[in-house]
Amino acid sequence: MTIRSIRRSAGILACVLLLSPAVSTVAAPLVEDRQLEHVGEFNGKAVRYRSTIETITVRDGEATADLVVMSHVADGADPDRPVLFAFNGGPISASLYLHAGALGPKRIAIPDDLEADPAGFEVVDNPYTVLDVADIVLFDPAGTGLSRVGEGTTLEQFASIDADARQLVSMIDAWSRRHDRVDSPKYLLGESYGTLRAAAAAHQMQFHEQKMRVDGVFLLGQALNIIEYAQRHNNIISYVVSLPTVAAIAWHHGKAEAGGRDLDEWLDEVRLWARTDYLTALFQGQFLPEDERQRIARQLQAYTGVSAEVLLREELKLTKDEQRVELFLNEDQVLGVYDARYKGPRNPERPTAATDPSGITAPAFRRGMQVLLQEQFGVREQVDYKSSAEGVGGFGGWDWGRNKSPFGDWPYMELVREVMLDNPDFRVVMGHGHHDTATTTGASDYAVAHSGWPLDRVQSVYYYGGHMPYTIEASLKQFTDDLRDFVGGAR
């Protein structure tokens, strides 16, 4: 397989691996509503709180879903205390990654040693979660977690951009009414495809027939301009905006020529070069003078660790997947898709799309979720908690609207812009891991630059690590501190 064919076969799949198919059969709610009281210390503050698991039935036309909702709410929470509604991506996956990795009172602790045996990862207390300043509600869409579609409903009835968001909005409305939190500040935290859901849901909340309060969205691993991640051969912008990510990967593995500088300082130089010299060179294509072509190739090699010979052969268009294969080709190893700090044996038949060494952490999240169910919510019986849905999702039956695929030019950023114009208090945070090849920091910066969003209400934050940077304890602290400032109204 040539590098060019790798680009074409894997460039799209890399962005939808978390869009893994999955969903459920019709079933009654799998657990009874229950609530346990706890005391924990979060951000140095002792908090009494209740962990509640409850079923909320939502309706969308003739379709119904029994959503099993988990929440952590401080005792005596007043109406002015913020509520954070959090969810992962897919479509369609459950919220166990955010829940067991960052937001729950307990978390799965993943060591910094990337070669550590995942079977030894422990579940520990999580002092970083934001329960000191906000209540937390986790959303598992129908067909994931313990949530199921109602009798006479198929999962396909919820399997579209708009219907999926309506399901979330209906849950928020019902939960808020049930718990007397209709007027509480409300924030949405979406990860991966969850960022698209957050944009669509915020728009529905803002322009609901009976307007619902929504104060902001935190978009982690944002994919609103997902078309810029796909790296189609003639989309030169996609190569420019991916350069900071492939440079950060090379820096981590000691393959970049950074002159001993720290990552953040060096990436400022990379970003500037990407949008000036590199963009200009790609724009010229075959009209680029040969001496300039050679100069650009040498500089790209210094930034990315990939040889100038390969870069010239690929017309200076280095894809993220090409770097994942090329950087340790002599060791027959490939880098991770969702966290390129990881490396593992290369599958010679499918060297990129089917190979993701960073996927070794997935069983640990499932184990962490089981501990949360047992210790936080008192669910000690065996339950079928689905980490993702079966049969619908990704390219397999999801309705992406008029574009027919997630990589069409769907107006997610326009949805957010309209909310911001109508709601002068609405704020946005765009968050990314430096080593995530699925959703990249440069594409996020490009999205903000062309969004039309009021820049005084937008913040971009970057973390060491991949698609789930909270697997690194230092990045978890940075992420939850950013989240704490966000829901507290600070900048």
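The values are calculated or read from the model by the stated rules, or taken from the named source; none is laboratory data. Here the structure is a predicted model, which is why all the values come from computation and not from measurement. Here the Cβ is made from the backbone with ideal geometry for all residues, glycine too, and neighbour counts use every protein chain on show. Heavy atoms of the whole protein, side chains included, go into the accessibility calculation; ligands, DNA and RNA do not. Shrake-Rupley method; radii C 1.70, N 1.55, O 1.52, S 1.80 Å.
Here is how the numbers come out for the structure above:
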item	result
Where segment 26-123 is the region considered: accessible area per residue in Å², 1.4 Å probe	41 Å²
Average accessible surface area per residue within segment 154-200, 1.4 Å rolling probe, Å²	28 Å²
Carbon plus sulfur fraction of accessible area for segment 318-477, probe 1.4 Å, in percent	49 percent
Solvent-accessible area per residue, Å², over segment 279-350 with all protein chains present [probe radius 1.4 Å]	48 Å²
Net lengthening on full extension, Glu418/Glu315 (0.36 nm per residue, minus Cα-Cα)	33.1 nm
Where labels lie 7 Å past Cα in the beta-carbon direction, separation of Glu209 and Asp425 in nm	2.5 nm
Calculated [θ] (222 nm, deg cm²/dmol) that DSSP helices of n ≥ 4 give over the chain, each run adding -39,500 (n - 2.57)	-9500 deg cm²/dmol
Residues Val124 and Leu36, FRET efficiency given R0 of 25 Å [Cβ-Cβ distance, rounded to 0.05]	0.85
Per-pair calculated FRET efficiency, R0 = 25 Å: Asp485 and Arg261 via Cβ, rounded to 0.05	0.35
Set of aspartates and glutamates with alpha-carbon distance to Lys317 below 18 Å, sequence-local pairs under 8 removed	Glu228, Asp277, Glu290, Asp291, Glu292, Glu309, Glu326
Of all accessible heavy-atom area on segment 61-220, the percent that carbon and sulfur account for (1.4 Å)	43 percent
Pair-distance profile P(r), taking every C-alpha pair of the chain, with 10 angstrom steps and integer %	4, 21, 31, 26, 13, 5, 1, 0
Helix runs (DSSP H) in the chain reaching 24 Å along axis by Cα, Kyte-Doolittle at least -1.0	161-178, 236-252
